[in-house]
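Heads up: the structure comes next, in structure tokens.
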Amino acid sequence: MTQRWIILTGTALSLSLAACGAPGQASGGGDDGGGDAPFEVGLVYSKSGPLAPYGAQYKAAFDVGLDYATDGTGEVDGREIRISEKDDAGDPSKAVSAATTLIGQGSDILAGSTSSGVALQVAPLAKDNKTLFISGPAATDGVTGLNEYTFRSGRQTYQDVATAGTMLGDVDGKKVTVLAQDSAFGTANIDAVKGVLGEKGAEVTAIEAPAAAKDFTPFATKIKSQSPDLLFVAWAGENATSMWGTLSQQGVFETTTVVTGLDIKATHSLFGEAGTKIDFLSHFFKGAADNEAYTALESGLEENGEEVDLFSNDGFVAAQMVVHALKEGEGDTNAMIDALEGWTFEGPKGDMEIRAEDHAMLQPMFTVSLEKEGGEFAPVLGETIAPADVAPPVASGK
């Protein structure tokens, strides 16, 4: 029996745990790559905590994607894919503890990461233990190119912001204002817009408002005085309806193009009467595409009493990646990395490509509008943006 060493990132401590196989080798410990032993896949995601609704969408779609990619068998070459779940509750320290346990138990692949903070902590652990890691909905650009063991099944922030930029055409010389919360969340969005659209020649300014603001009139007035070509809004919270209502009442929509990201279906009502006036960027929504993978996703979710939403694509694609890696690499980490690098395939969104140089997930993005249907909003596809038009620069870290 070979011992498996778990390297804890940031410490000099190593734990010797009994397991079948060393890091980077096929599970099972045998010369035949594990025989009929199951492939072990660990999912670490937000089953609870503030991001639990996103985590639930990811997991529901992962299950459907696994069924699709294995033709309903749940197996690869006669070997069961055994899934072990851990809840990180959106807490990086809990995620690292859970990932450490799963690695020690012999996981061939780790997947999950609803939270960006979690993904950035689990990725170095995966590298230190030579374990393949497929990050999920976590959007931070920092995951791309972080190390050779880390991939992603979802989009990244650059692709979001670049999609917003397509609504201006050539952004060079255009004025862009960012309305954001005075918080880490707001700062990240301001930096992203400056880094993406600013680098393309846009003049980017920021207006920051307190996250708990009640009166948004002064901020709407300032926006109008700047006369931007595009207003990019980064806002989350219970006062969102008040914020959007004030922008509408003050005539901001009549003077500029207002763009924000389309969140999960449950939040659509927060836009209030301004909902039909906003131009949305989106990485996925119900009705975004029409292909075999999307049909399988939608029908599979419906069979389980679920429906397509924002992060459904990320879970489905993660399962496709897991199955492809196991088919080609048979649990050997280096072979699985080789199998994923440069892989092109059809996901629910359309044509996907894992860029070999840094593991960016090149994918189509969407512009969307909301239309009122009875008492609810329904997303309507505007443009499908080609992957090359929103591709991030190659990251140099890997």
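The values are calculated or read from the model by the stated rules, or taken from the named source; none is laboratory data. What you see is a predicted model, and the numbers here were worked out from it, not measured in a lab. Cβ coordinates were reconstructed from backbone atoms using ideal geometry, including for glycine residues, and neighbour counts include every protein chain displayed. Only protein heavy atoms, including side chains, enter the accessible area calculation; ligands, DNA and RNA are left aside. Shrake-Rupley method; radii C 1.70, N 1.55, O 1.52, S 1.80 Å.
Within segment 191-221, the set of residues being of a type outside the set (Val, Ile, Thr) and over 23 Å from VAL390 (Cβ atoms) comprises GLU208, ALA209, PRO210, ALA211, ALA212, ALA213, LYS214, ASP215, PHE216, PRO218, PHE219, ALA220. Taken over segment 113-159, the criterion of being among the hydrophobic types (A, V, I, L, M, F, W, C) and farther than 24 Å from SER48 by Cβ is satisfied by LEU132, LEU146, PHE151.
Rundown of residues vs (1) within 30 Å of ARG79 (Cβ to Cβ); (2) free of Cβ contacts under 8 Å to residues at least 60 places away in the same chain; (3) part of a strand (DSSP E or B), yes/no style:
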{"position": "ASN334", "(1), (2), (3)": "yes, no, no"}
{"position": "ASP358", "(1), (2), (3)": "no, no, no"}
{"position": "LEU370", "(1), (2), (3)": "no, no, yes"}
{"position": "LEU381", "(1), (2), (3)": "no, no, yes"}
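The residue pairs whose first member lies in segment 104-123 and is of a type in the set (A, V, I, L, M, F, W, C), whose second member is in a helix (DSSP H, G or I) and open to solvent by 10 Å² or more (accessible area, probe 1.4 Å), and whose beta carbons are closer than 7 Å, counting only pairs six or more residues apart or on different chains, are VAL118/PRO92; LEU120/GLY142; VAL122/VAL96. Restricting ALA274, ALA325, ALA296 to those that are in a helix (DSSP H, G or I), surrounded by fewer than 19 Cβ atoms within 10 Å (Cβ to Cβ) and not acidic (Asp, Glu) reduces the list to ALA296. Within segment 362-383, can one find any residue that is out of contact with any Phe, Trp or Tyr (no Cβ under 8 Å at 6 or more places or on another chain), at pLDDT 95 or above, closer than 18 Å to ALA162 by Cβ and among the polar types (S, T, N, Q)? So far as segment 362-383 goes, yes, one or more of its residues are out of contact with any Phe, Trp or Tyr (no Cβ under 8 Å at 6 or more places or on another chain), at pLDDT 95 or above, closer than 18 Å to ALA162 by Cβ and among the polar types (S, T, N, Q). Quick check: is even one residue across segment 173-196 in contact with a Gly (Cβ under 9 Å, 6 or more places away or on another chain), among the polar types (S, T, N, Q) and in contact (Cβ under 8 Å) with a residue 60 or more places away in the chain? No, because not a single residue in segment 173-196 is in contact with a Gly (Cβ under 9 Å, 6 or more places away or on another chain), among the polar types (S, T, N, Q) and in contact (Cβ under 8 Å) with a residue 60 or more places away in the chain.
Being assigned to a helix (DSSP H, G or I), closer than 25 Å to VAL96 by Cα, among the aliphatic types (A, V, I, L, M) and in contact with a strand residue (DSSP E or B) (Cβ under 7 Å, 6 or more places away or on another chain): is that true of ALA119 here? The answer is yes for ALA119. ASN334 meets the stated requirement of being at pLDDT 95 or above, over 19 Å from the mean Cα position of the chain (by Cα) and open to solvent by 40 Å² or more (accessible area, probe 1.4 Å).
Considering segment 180-265, the qualifying strands (runs of 3 or more DSSP E), each wholly inside and each with 3 or more residues that are surrounded by fewer than 18 Cβ atoms within 10 Å (Cβ to Cβ), run over 203-209.
Criterion first (touching a residue at least 40 places away in the same chain (Cβ under 8 Å) and touching an Asp or Glu at 6+ places or on another chain (Cβ under 7 Å)) does ALA293 satisfy it? Against the criterion (touching a residue at least 40 places away in the same chain (Cβ under 8 Å) and touching an Asp or Glu at 6+ places or on another chain (Cβ under 7 Å)), ALA293 qualifies.
Residues are listed down the side, and each one gets a yes or a no for (1) under 30 Å from THR221 (Cα atoms); (2) modelled with pLDDT under 95; (3) surrounded by fewer than 24 Cβ atoms within 10 Å (Cβ to Cβ):
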residue	(1), (2), (3)
ALA95	no, no, no
GLY104	no, no, yes
LEU120	no, no, yes
ASN147	no, no, yes
SER153	no, no, no
THR163	yes, no, no
GLY173	yes, no, yes
